[in-house]
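One structure is given below, encoded as structure tokens.
Only the coordinates and a few stated rules stand behind these numbers; no lab work does. Quantities reported herein were computed from a predicted structural model and do not represent experimental measurements. Here the Cβ is made from the backbone with ideal geometry for all residues, glycine too, and neighbour counts use every protein chain on show.
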């Protein structure tokens, strides 16, 4: 068995500073699909519960041995010592860091343990400007040390082809940098019955600039009069919530825009099953941040729901324009409104697009097949080390 003794399942340290965030179910979903490796979640702080039956370790677990001030010191210095103490007595076969920032911090840990490091890039870690990264204490070490990560990390996986292009532009080696879609579980997410559909436009995202909710509210205001029974449901939270609520009020649609806040993943999927469409109108921000792909697009497709998204970043890899949904130019509320209106006006088109969307996502983004490929990457990295 790769990375361990015969009969034992090798352990993989899944490294993410902020463990189990409600907005990042894709990390645990991928790790939960592993069959020939066993995940051990390792990070700095916990923001939720570990998956049932999974092992996890966080620096905050060390309590008095490592108070928050020392966690902050580790954030500044990248000293691997606290993580080595946390992992005392355990020997993972490799570390899989999620996000480039985590890769920079996991690198000294992996080198001290003498094990390989795999890093997955998801979005902001490949698009956010150096100036914006340096302005954040949590991210400042990333632009300072990512060239070292590029030299010394064994493997770099990218959540989309768009992200790979950006990672290569940062100087990462092409031979060790690959596109790897995380995927969605088409067995767990079943196609919805058309009778479940309601006159709901759904948006699922953190309420931050890159997600483009402002343009969706403006587009909704343009179509609201034609479709008086339709409402816009926004799932997610973030710093722009009050300004977005004020925008909806100023446009006269506040009564038909429902801000649901952040919800558990199973409730999000429940809303998807009722939606006429999912809309992800992401934009390029002034700091350069761009959408890496948009996992919610894939989950909607698996549910049989068509999507509308911006023609930017990795979104066109998740929507086949005119087949599984529509693409519109970023920051163009009238164009977005036309795409939304075309879907709202034609239930036959929505059904056809939703059916094609599920077939597309099962063919290209099936999580079982993608995780089998991931285990193949692990095998190759460990064989190279051997």
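Computed over the Cα atoms of region 33-186, what is the ratio Rg over Rh, Rh following Kirkwood?
Working: Rg = 15.7 Å, Rh = 16.4 Å.
Rounded to two decimals, Rg/Rh equals 0.95.
Label-point separation (nm) for residue 372 and residue 144, each offset 7 Å from Cα along Cα-to-Cβ?
Computed distance between label sites residue 372 and residue 144 equals 4.5 nm.
When a/c reaches 1.5 or more, the comparison of a/b and b/c decides; with that in mind, is region 75-125 rounded, prolate or oblate per its Cα gyration tensor?
On the way: a/c = 2.42, a/b = 1.44, b/c = 1.68.
Judged from the Cα gyration tensor, region 75-125 comes out oblate (a/c at least 1.5, b/c at or above a/b).
Calculate for the chain the 222 nm mean residue ellipticity that helices alone would give, adding -39,500 (n - 2.57) per DSSP H run of length 4 or more and normalising by residue count, nearest 500 deg cm²/dmol.
Helix contribution divided over all residues of the chain: -12000 deg cm²/dmol.
How do the peptides 342-351, 153-162 rank, highest first, by the average count of neighbouring beta carbon atoms within 10 Å per residue? All intermediate terms of the calculation are to be shown ahead of the outcome.
Working: 342-351: 14.6, 153-162: 22.6.
Most protected by this proxy first, the peptides run 153-162, 342-351.
When only Cα pairs under 8 Å and 6 or more residues apart are kept, what is the percent relative contact order across the chain?
Values: 763 pairs, mean separation 58.9, N = 386.
Here the relative contact order equals 15 percent.
Roughly how many Å is it from the Cα centre of region 94-115 to that of region 339-361, as a whole number?
42
Mind grabbing the base-10 log of I(q)/I(0) for the chain at q = 0.06, 0.14 Å⁻¹? Debye formula, identical points on the C-alpha positions, no solvent, two decimal places.
Values returned for q = 0.06, 0.14 Å⁻¹ are -0.24, -1.21.
If r is the Cβ-Cβ distance from residue 195 to residue 349 and R0 is 22 Å, what FRET efficiency results, to the nearest 0.05? Working shown, then result.
Values: r = 17 Å, r/R0 = 0.79.
Efficiency computed from Cβ-Cβ geometry: 0.80.
Give, as ranges by residue number, the residues of region 107-139 whose backbone N falls under 18 Å from the point 7 Å along Cα→Cβ of residue 76.
134-139
Does region 242-335 classify as rounded, prolate or oblate by the C-alpha gyration tensor (a ≥ b ≥ c root eigenvalues; a/c under 1.5 gives rounded; else a/b over b/c gives prolate, otherwise oblate)? Walk me through the intermediate numbers first.
Working: a/c = 1.56, a/b = 1.10, b/c = 1.42.
Cα axes put region 242-335 in the oblate bin.
Take the alpha carbon atoms of region 293-309, find their center, do the same for region 24-52, and report the distance between the two centers in whole angstrom.
23
Taking a ≥ b ≥ c as the square roots of the Cα gyration tensor eigenvalues, with a/c under 1.5 meaning rounded and otherwise prolate when a/b beats b/c, else oblate, which class fits region 178-279?
Values: a/c = 2.10, a/b = 1.34, b/c = 1.57.
Taking the square roots of the gyration eigenvalues as a ≥ b ≥ c, region 178-279 is oblate.
If you look at just the Cα atoms of region 194-364, how large are its Rg and its Dmax in Å?
Rg, Dmax (Cα atoms, Å): 14.4, 43.
Using every Cα-Cα pair within region 114-153, state what percent have a distance larger than 17 Å. Spell out each step's value before the answer.
Working: 253 of 780 pairs.
Every Cα pair in region 114-153 considered, those over 17 Å come to 32 percent.
So, in Å, what gap is there between the alpha-carbon centers of region 226-246 and region 371-386?
Region 226-246 and region 371-386 have Cα centres spaced 44 Å from each other.
Could you compute Rg(Cα) / (2.2 N^0.38 Å) for region 11-103, with N its residue count?
Numbers: Rg = 12.8 Å, N = 93, 2.2 N^0.38 = 12.3 Å.
For region 11-103, the normalised Cα radius of gyration is 1.04.
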